[in-house]
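Below you'll find the structure, written out as structure tokens, and then a few comments.
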């Protein structure tokens, strides 16, 4: 299954529509399920894959871990969750000039992370279908190793020392 998630704060019709159109043109049937958040009148509601507005945290984790591929906005929560569960992810950034978010931080995130193994980038909706086709044709390969759920102890010790004004390694 391919799991589409757009985050929980803002609608992202452009991504939802692009996935829906990709599904319509691919009758070979990659199963897609989406959490699309948006219930507002006039929002794009997919016709070619199953979706819900919101999942419980437990159901979200179940869908996420069962998926062979994640498709998402370029939000760090989704990216880090994909890396944590060693799931390949296709990201497409929300854009500030399209009023999908406050600025282009997701575009910058996409540009910075697109070379990382397991992260596949579509700069916009015109690139999404070809990226999905390429990833599925090459075989869905997860990132080399999942990232741990917790930060490295050395990092948290250094951060704690910085925040409290202490020197790392001295007592």
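Coordinate-derived values only; no laboratory data. Owing to the predicted nature of the structure, the values given are computational and were not obtained by experimental measurement. Methodologically, a virtual Cβ is constructed for each residue, glycine included, from the backbone with ideal geometry; neighbour enumeration extends over all protein chains shown.
Structure above, values below:
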| read-out | value |
| --- | --- |
| C-alpha center-to-center spacing [segment 84-146, segment 44-80] in angstrom | 14 |
| 0 to 90° range, to nearest 10: angle between helix 125-138 axis and the chain longest Cα axis | 80 |
| Most to least packed among 79-90, 96-107 [average Cβ atoms within 10 Å] | 79-90, 96-107 |
| The chain, relative contact order [Cα under 8 Å, separation at least 6], % | 20 |
| Per-pair calculated FRET efficiency, R0 = 25 Å: residue 40 and residue 116 via Cβ, rounded to 0.05 | 0.15 |
| Volume per residue that the Cα convex hull of segment 2-164 spans, once the total is divided by residue count, Å³ | 139 |
| Highest to lowest packing among 54-62, 124-132, 11-19, scored as the average C-beta count within 10 Å | 11-19, 124-132, 54-62 |
| Acute angle (nearest 10 degrees) that the helix 153-164 long axis makes with the longest principal axis of the chain, alpha-carbon atoms | 70 |
| Rounded to 10°, Cα long-axis angle of helix 13-25 versus longest principal axis of the chain | 50 |
